[in-house]
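First the structure, then my questions, so here it is.
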Amino acid sequence: MIMNQMLAFIKQMSGKITEINPVSSQTDARKIAFIRNLQKELKQKDALHVPFRQLPVVVFDIETTGFYPYHGDRMLSIGAVKMKGADVLENQLFYKTIYNALPPSEEIADLTGITAWELTQAQPLLDVLREFYRFVQNDTLVAHHSSHEKQFMEQASWNVTRKNFQHRIIDTNFLTKVVSPEIDHVHLDDWCEYYSIPIKQRHHALYDAAATAQLWSENIVKAEEMGFRNLRDIYIHLANHSS
């Protein structure tokens, strides 16, 4: 069901071409202020004690030109899906490409399906970040191999607001190594095959986010079955069993 929802959503979004106009510095200042204020609010939120069944998270994925944001690699798109507990909220999706004047390499274009023309028609980074943060609000973020997402979000937030990135990002490995310690899968494809999770289009930010959400759901269910009540219980378990 979620794949059909996503396909319709992507088709809808792809039909909306953003006209690129100069944006006033005053407008930019308001957008930056919104992001900064939201980052401040995050410091007051503690998700560790929220029961898993009630925990709201946003599972997200980004596509980039490479792996090193501090050496010039750029974000191309962001996809995200909201969840509450183990439930994927199929009608709460986010997907945006990000304006890039430079075209992606042929390898990246083939991998992601994102074209140079699509990037020149997309919104600039500041606008996409503001809309993404409006979507996320102060929910906890979840990603697969989250160090990749974290590095790019940290760099993007600093470039746009000159403030550090404040959202908590949890890696799916945080739960998988607790509920399935005997399995040493790393790649999303391997985990999806293990749980029979379909991916409509690999290396598409929204489809990868949806697959990651299904993986997170599987792990939440297992964690509850094992007696873990919240994220704090997982942290304590990992601390007690670290070598």
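The values are calculated or read from the model by the stated rules, or taken from the named source; none is laboratory data. Keep in mind the model is a prediction, meaning the values are calculated, not measured. Positions of Cβ are backbone-derived with ideal geometry, glycine not excepted, and every protein chain shown enters the neighbour counts. Protein only, heavy atoms only, side chains kept; ligands, DNA and RNA dropped before computing areas. Shrake-Rupley method; radii C 1.70, N 1.55, O 1.52, S 1.80 Å.
Which condition from (1) open to solvent by 30 Å² or more (accessible area, probe 1.4 Å); (2) under 14 Å from the mean Cα position of the chain (by Cα); (3) farther than 28 Å from Gly72 by Cα; (4) of a type in the set (Gly, Ala, Ser) is the one that Ser147 breaks?
(3)
Still on this structure: Considering only region 188-243, how many residues are more than 17 Å from the chain's Cα centre (by Cα) and of a type in the set (Ser, Thr, Tyr)?
Counting residues in region 188-243 that are more than 17 Å from the chain's Cα centre (by Cα) and of a type in the set (Ser, Thr, Tyr) gives 6.
What are the residues in region 162-201 that are touching a helix residue (DSSP H, G or I) at 6+ places or on another chain (Cβ under 7 Å), under 28 Å from Asn138 (Cβ atoms), at pLDDT 90 or above and not β-branched (Val, Ile, Thr), if any?
Across region 162-201, the qualifying residues are Asp171, Phe174, Leu175, Leu188, Trp191.
Another question about this same structure. Quick check on region 124-144: of everything there that is polar (S, T, N, Q) and open to solvent by 30 Å² or more (accessible area, probe 1.4 Å), which residue is modelled with the lowest pLDDT?
Out of the qualifying residues, it is Asn138.
Starting from residues that are buried (at least 19 other Cβ atoms within 10 Å of the Cβ) and not hydroxyl-bearing (Ser, Thr, Tyr), keep the ones in region 89-103 and report whichever is farthest from the chain's Cα centre (by Cα).
Asn100
So, Phe67, is that one under 30 Å from Trp158 (Cβ atoms), aromatic (Phe, Trp, Tyr), at pLDDT below 65 and surrounded by fewer than 20 Cβ atoms within 10 Å (Cβ to Cβ) or not?
no
Go through (1) over 15 Å from the mean Cα position of the chain (by Cα); (2) in a loop (DSSP other than H, G, I, E, B) and name the single condition Gln166 misses.
(1)
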